[in-house]
Amino acid sequence: MKTFFYTLACCVMLAACQSNTKSTPATEGTAATADTAKGFPTMTFENPEHDFGNITPGQVVEYNFKFANNGTKDLIIEDVVTSCGCTVPEWPKRPIKPGETEYLKVRFDSKGKAGYQEKDITIKANTEEPLFQGAKITATIVAEN
């Protein structure tokens, strides 16, 4: 009979210990708030817009957007999306430390395009706004005379 009560008491104590180690929603919220209170990475472009000017049909042009992480945490760019398949971005895959500068390369292929073109570059990163329009390119495609 003593063994039964000891076993029961141990099970109750074990269950009580496990319930104390689980975090509650209030505890989780506090931890998340404390983490965001430390700040975010901030992606700041030196010049967020670039105009290629007049280009000819089929011409491929490139531009490197210089940007800096002016925030307090490492900047991690998860994805870069453009408004057209004719615009191809390349970005650093490594974390960018606070204070560091890097480049976002954009290649625009004018094949099949005519007239004024404007292409938005949307960035998904670990910034306060996780999805934002970071840069833009423009060009006017004119036929050769």
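For ARG94, the conditions (1) touching a residue at least 12 places away in the same chain (Cβ under 8 Å); (2) part of a loop (DSSP other than H, G, I, E, B) are fulfilled apart from (1). Output the residues belonging to the stretch 100-133 that are in contact (Cβ under 8 Å) with a residue 60 or more places away in the chain and either within 13 Å of THR87 (Cβ to Cβ) or acidic (Asp, Glu) (or both). Across the stretch 100-133, the qualifying residue is only GLU128. Looking across the stretch 73-96, the residues that are surrounded by 15 or more Cβ atoms within 10 Å (Cβ to Cβ) and over 19 Å from PRO130 (Cβ atoms) come down to CYS86, THR87, VAL88. Pairs meeting the criteria (first residue in the stretch 79-91 and under 10 Å from PHE108 (Cα atoms), second residue part of a loop (DSSP other than H, G, I, E, B) and of a type in the set (Gly, Ala, Ser), beta carbons under 9 Å, at least 6 apart or on different chains) are CYS86/SER110; CYS86/GLY112. Considering only residues in the stretch 97-136 that are in contact with a strand residue (DSSP E or B) (Cβ under 7 Å, 6 or more places away or on another chain), basic (Lys, Arg) and assigned to a loop (DSSP other than H, G, I, E, B), the one that is surrounded by the most Cβ atoms within 10 Å (Cβ to Cβ) turns out to be LYS113.
Only the coordinates and a few stated rules stand behind these numbers; no lab work does. Small disclaimer: the values here were computed from a predicted structure and weren't measured. Heads up, the Cβs are rebuilt from the backbone with ideal geometry, glycines too, and the neighbour counts pull from every protein chain shown.
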